[in-house]
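Below is one structure; the comments refer to it alone.
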Amino acid sequence: MPDQSFLVRGPRVAIRRLSFQDREEVAALERESAALHRPWVPARETTPEAFRAYVAKFDRPTHEGFVVCLRAGGAIVGGININNIVRDGIHSGTLGYAAYASTTGHGYMTEGLRLVVGYAFTELGLHRLEANIQPGNAASIRLVERLGFRRAGYFPRFQYVDGAWRDHERWVITAEAVGHAAGDGSG
Ligand SMILES: CC(C)(COP(=O)(O)OP(=O)(O)OC[C@H]1O[C@@H](n2cnc3c(N)ncnc32)[C@H](O)[C@@H]1OP(=O)(O)O)[C@@H](O)C(=O)NCCC(=O)NCCS
């Protein structure tokens with residue numbers, strides 16, 4: 001993937017939009033990461049039909065899909081989505097994210113999520129992002145804490161993952177918390 005497709009670059013990783021051309025790489029990464037992802041995120045099908053439908057979701061104004069890539073070589077090391085974007089004076093979105101087994105624990109997701117948060121609060125004009133995290137998902141909680149998210153609620157039986165309705169904590173961050181000016185809500 002050419003370097004020019006990157007939206008924002010950090011020291012070691014950069015973010016770009018997910019595309020259908022990423023299917024084989026993402027499918028291999030999902031396969032190697034099944035144990036890492038379960039029971040924290042729903043399993044995702046990567047057949048051509050399923051992946052095409054998944055990527056098409058991000059054509060809608062309510063969803064943004066990014067991949068986190070190593071700047072050196074471009075390999076994908078994570079996926080980050082902003083789902084359920086609401087405008088109309090709220091300007092919020094819900095984050096979903098996952099690292100991959102071979103590259104987890106190197107700080108790439110911290111760097112990549114920081115880039116996505118900054119992009120959301122500037123280029124996308126959002127004001128608030130939330131992440132819904134199971135209380136036992138210590139790695140995910142450490143990740144959002146590092147970025148300045150605050151715990152903002154508890155939702156019993158919030159999401160169906162890996163065969164059960166799972167309780168989730170809601171973690172939030174607003175634009176002001178990371179030094180971006182608050183918009184007037186008209187965007
Ligand atoms: C949650 C998840 C994305 C976190 O990914 P991660 O790989 O731990 O995140 P990072 O890439 O930022 O790595 C951070 C870790 O790397 C360590 N690290 C090692 N070298 C580092 C370096 N050079 N720079 C920064 N951090 C480094 C950090 O100390 C940190 O470890 P810690 O969490 O034990 O404190 C990952 O665990 C995951 O995909 N889980 C399954 C899916 C999931 O839970 N998604 C979220 C649902 S809410």
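Computed values, structure above
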{"read-out": "Filter pass, Pro48 being surrounded by fewer than 16 Cβ atoms within 10 Å (Cβ to Cβ), over 18 Å from the mean Cα position of the chain (by Cα), away from the ligand (no atom under 16 Å from the Cβ) and at pLDDT below 95", "value": "no"}
{"read-out": "Criterion violated by Ala14 - all others in (1) among the hydrophobic types (A, V, I, L, M, F, W, C); (2) open to solvent by 50 Å² or more (accessible area, probe 1.4 Å); (3) in contact with a strand residue (DSSP E or B) (Cβ under 6 Å, 6 or more places away or on another chain) satisfied", "value": "(2)"}
{"read-out": "Flag for Arg157 being touching a Phe, Trp or Tyr at 6+ places or on another chain (Cβ under 6 Å) and more than 9 Å from the ligand (Cβ to nearest atom)", "value": "yes"}
{"read-out": "Out of Gly78, Gly74, Gly65, sole residue that is assigned to a strand (DSSP E or B), away from the ligand (no atom under 13 Å from the Cβ), open to solvent by less than 20 Å² (accessible area, probe 1.4 Å) and not aliphatic (A, V, I, L, M)", "value": "Gly65"}
{"read-out": "Search result, residues across region 86-105 that are modelled with pLDDT of 95 or more and either assigned to a loop (DSSP other than H, G, I, E, B) or among the hydroxyl-bearing types (Ser, Thr, Tyr) (or both)", "value": "Arg87, Ile90, His91, Ser92, Thr94, Tyr97, Tyr100, Ala101, Ser102, Thr103, Thr104, Gly105"}
{"read-out": "Of all residues making up region 95-108, the number that are within 6 Å of the ligand (Cβ to nearest atom) and closer than 16 Å to Glu130 by Cα", "value": "2"}
{"read-out": "Of all residues making up region 160-173, the number that are closer than 17 Å to Ile141 by Cα and not charged (D, E, K, R)", "value": "4"}
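The values are calculated or read from the model by the stated rules, or taken from the named source; none is laboratory data. All values reported here derive from a predicted model rather than from experimental measurement. Glycine gets a Cβ as well: all are built from the backbone with ideal geometry, and neighbour counts include every protein chain shown. All accessible areas refer to the heavy atoms of the entire protein, side chains included, with ligands and DNA or RNA removed. Shrake-Rupley method; radii C 1.70, N 1.55, O 1.52, S 1.80 Å.
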